[in-house]
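What follows is one structure encoded as structure tokens, with my remarks underneath.
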Amino acid sequence: MSRRFWPVLALGLFATAAPVRAQMPEEESVQERMTRLWSHIDSLAPLVEEAKAARDARNARVEDVRRIVAAESAAVDTLAIGLLTVITPVGQVEVARDIFSEVWTEHFADIDRSPAASDARFVFQWSDELHPIYVEPGRYRAGIEQSETVDRDKIVQMVRDAISTVLYYDLTNPYTVDGVPQPRSLPMWTGNNPLADRDWADTYRSAALTRSIAARDCLAGDAAACASAMGLDVEIAEGDPGVWLAPVFGPERGLPRVGADRIATWYSPAERRERVRALGATAWKIDDRQWESCLQDADQAMCDSVLRLAGGLAIPFDGEVRSSLVAYALERGGYGAWSRLTLDPTHTPTEALEYASGVAVDDLVDGWMERVLEARPVSYGSLVPHGALTLLWIAFFGALAARSTRWRLG
Amino acid sequence: MYKALLFLHWKQVRFALVPAVIASFGLPLLLVSGMGSPNGSPTASLQAYQIVSELNDFLYLFPALAAGIGAVLALSAWNWDHQFNHVYALSLPVTRFEYVLNKLLAGFTLALIPAAGLWLGAHVASLSVSLPVGLRTYPNQLAVRYLFALFLMYGLLFAFASGTKATTVKVLSGVVGLVVLGTLGNELLAGFFPYFADTHVLEAVMRTLVEAPGPFQVFTGNWALIDV
């Protein structure tokens, strides 16, 4: 290649780039850019409307197809069971009625009103041949559609899960103030569905394994400690908990906003250090100095600060335990407790629990504590029958040994 | 008769029983070491969750140890007979049933030694930890389960070892065949019978064996020394 090639190429590139550089505007701040883009946002409105119309037209066509296919596929019947509306093929009306009635009577008979359940449609099929079943748009479709190889107990469990999931929407649906959706404080506090299938022995286990002095005092019979570990009176920052979301939304989402005195009643100094250790040295917003100050110098104020900054602060009892208090309140409240619990979305958790159960929250927590302590699981409870069974098997193996053909005598 | 067979079995297995007893005694102590007072904290009741979860990671060692010791006891029970072509046993004025029963009981008696070792070790381990409210130790229950597991494995392999090689080969071939056919044949069967699309034969057999009233249910229950 010619020795003059490279200088010529460099000169050419510079000459090409120079006008481009000259055309670039002065560096624009983020705020200015946002303002400029915001001023043009109206230009997007027609495009958005056009996209919405196209989407609606497509959805309408899909609905038409679904309705036609379903109408040609199988004849269905609609049943009203409790507050539920069940759609099922004509041939399965009896089995659907049996299962839904059994589940409703056994677990949900105290529920007198549920907008979510009234609005939903439960599609039930338990057959080797599953048909498309149409549910009008805008309604929640809860499908229990399984082949005949699934046994009845599992189907009953699925029906129960489907109903409790639908009912939970009564609690979680946001309400609006001046057209703006507002989150409800009760579901933010409970975290779990209180109507879900509950094993109180598991609740005891969760409580016993909670890393908190308040939880341990609770299990020792201190009802005030139970109330404290429940964090009923604690304000919770809006959003889903999850430290992994911290870099995007901030660490406090879904976590309690509490002062140092409350933290001290929840966690011992050693437990706070353990929580910080569990966060890891690379946790969001923690620097080495804070980390060392908490863990090595045992600076409690620094530990508390780190816990708040990095999202390591949580109400001691988890959602499993907290939702068990709601379940207990519903049990105490009896018929109509669910509608009282969900009626006023502005209620705080304490107000909602008192209104639903009909008793003061202190009495409620007292009763809950007794209920949990009674439910302490019996470890090795099945050892005696299992032991007897093992001895039977040993006798069987012994008999096999005695029948060996190695010996021809005896 | 029983005493003679016990003595004979003891002579066969005594050297193997020494490490078995040490392991049985030491395992509970090993598992709880460092628990109950983490980081030298005076508040010994700090980490209930940690105690239970850390212990759970090693609970399989108890049934594994029981199975191992049971196997050693069972195989050693018939070793002498096989070695001398059953001449001694055939020369005795007893029926096969009496001989097997006495031999079985002798093995059970020897199985009590490692079980006692575990019982003692579990008690010492229980006394050595300070647990938070809500947790308890279960040394007696653990020792009883351990004993049952020992007995079961001993009984099973005792039956195997008492038979001929042909019987052992047939049974083992059956097990291997079940594994192979249960894995490969299931998809084939699913093509003809919808039932097999949702039901895996091998899994179903395994479940039947390890869940009550199956023979191995004692191995799959709770083996926790410390629990709620």
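Laid out as a table, the results:
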{"item": "Area accessible to solvent at A:ILE68, 1.4 Å probe radius, in Å²", "result": "100 Å²"}
{"item": "Rounded percent of accessible protein surface that carbon and sulfur make up, chain B, 1.4 Å probe", "result": "71 percent"}
{"item": "Vicinal HN-Hα couplings computed from phi for region B:55-61 (Karplus, 6.51 cos²θ - 1.76 cosθ + 1.60; Hz; Gly/Pro x)", "result": "5, 4, 5, 10, 5, 4, 5"}
{"item": "Nearest-0.05 FRET efficiency for B:VAL205 and A:VAL95, computed from C-beta distance (R0 41 Å)", "result": "0.85"}
{"item": "Carbon plus sulfur fraction of accessible area for region A:54-135, probe 1.4 Å, in percent", "result": "50 percent"}
{"item": "Gyration tensor verdict on chain B (Cα atoms; rounded if a/c is under 1.5, prolate if a/b is larger than b/c, oblate otherwise)", "result": "oblate"}
{"item": "Listing of region B:134-148 residues, each with accessible area lower by at least 20 Å² in the full protein assembly than in the chain alone (probe 1.4 Å)", "result": "B:GLY134, B:ARG136, B:TYR138, B:GLN141, B:ARG145, B:PHE148"}
{"item": "Kirkwood-based Rg to Rh ratio, region A:275-351, C-alpha trace", "result": "1.26"}
{"item": "Extension reserve of the A:MET34-A:ASP197 stretch, reckoned as 0.36 nm per residue once the Cα distance is removed", "result": "53.7 nm"}
{"item": "Whole-percent carbon and sulfur share, accessible surface of region A:200-372, 1.4 Å", "result": "49 percent"}
{"item": "Accessible surface buried once B binds A (1.4 Å probe; total of both sides; Å²)", "result": "4200 Å²"}
{"item": "Sequence-distant lysines (8 or more away, or on other chains) whose Cα lies within less than 17 Å of B:LYS103", "result": "B:LYS3, B:LYS11"}
{"item": "Order by protection proxy (mean Cβ within 10 Å, highest first), peptides A:266-272, A:116-122", "result": "A:266-272, A:116-122"}
{"item": "Residues in region A:385-401 occluded by at least 40 Å² - accessible area, probe radius 1.4 Å, against chain by itself", "result": "A:HIS386, A:LEU389, A:THR390, A:TRP393, A:ILE394, A:PHE397, A:ALA401"}
{"item": "Protection-proxy order for peptides A:290-297, A:57-64, each taking the mean of Cβ atoms within 10 Å per residue, highest first", "result": "A:290-297, A:57-64"}
{"item": "Radius 14 Å from Cβ of A:ASP222, net charge of other residues (Lys, Arg +1; Asp, Glu -1)", "result": "-3"}
{"item": "Scattering profile of region A:148-209 at q = 0.15, 0.17, 0.27 Å⁻¹ [log10 I(q)/I(0), Debye over alpha-carbon scatterers]", "result": "-0.66, -0.77, -1.10"}
{"item": "Hydrodynamic radius by Kirkwood, which averages 1/r over all alpha carbon pairs of the protein assembly as shown, in angstrom", "result": "31.3 Å"}
{"item": "Accessible surface, per residue, of region A:74-172 when the full set of protein chains is kept, probe 1.4 Å, Å²", "result": "45 Å²"}
{"item": "Pairwise centroid distance, computed over Cα atoms, of region A:81-144 with region B:79-99, Å", "result": "69 Å"}
{"item": "Rounded to 10°, Cα long-axis angle of helix A:383-402 versus longest principal axis of chain A", "result": "70 degrees"}
{"item": "Mean separation of Cα contacts under 8 Å (6+ apart) over length of chain A, as relative contact order %", "result": "14 percent"}
{"item": "Surface accessible to a 1.4 Å probe, A:LYS154 within the full protein complex, Å²", "result": "120 Å²"}
{"item": "Computed over region A:74-172: relative contact order in percent, which uses C-alpha pairs under 8 Å that are six or more apart", "result": "27 percent"}
{"item": "Sum of side-chain charges, A:ARG376 neighbourhood, beta-carbon under 13 Å (Lys, Arg +1; Asp, Glu -1)", "result": "-2"}
{"item": "Diffusion constant of region A:74-172 at 20 °C, which comes from Stokes-Einstein with the Kirkwood Cα-pair radius and 1.002 mPa s, µm²/s", "result": "158 µm²/s"}
{"item": "Charge sum, other residues only, whose C-beta stays under 15 Å from B:LEU202's C-beta, Lys/Arg counted +1 and Asp/Glu -1", "result": "-3"}
{"item": "Average projected area [Cα convex hull, region A:200-372], square nanometres", "result": "10.1 nm²"}
{"item": "Rounded D (µm²/s) - region B:120-228, Kirkwood Rh over Cα pairs, Stokes-Einstein at 4 °C, 1.567 mPa s", "result": "74 µm²/s"}
{"item": "Threshold 20 Å², region B:44-91 residues less accessible with all protein chains present than alone (1.4 Å probe)", "result": "B:SER45, B:LEU46, B:GLN47, B:ALA48, B:TYR49, B:VAL52, B:HIS86, B:LEU90"}
{"item": "Inter-part distance where region A:258-278 and region B:201-228 are each reduced to a Cα centre, Å", "result": "40 Å"}
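The values are calculated or read from the model by the stated rules, or taken from the named source; none is laboratory data. Bear in mind the structure is a predicted one, so any value in this text is a computation, not a measurement. A quick note on method: Cβ atoms are made from the backbone with ideal geometry, for glycine too, and the neighbour counts reach across all protein chains shown. The area values use the complete protein model at the heavy-atom level, side chains included, leaving out ligands, DNA and RNA. Shrake-Rupley method; radii C 1.70, N 1.55, O 1.52, S 1.80 Å.
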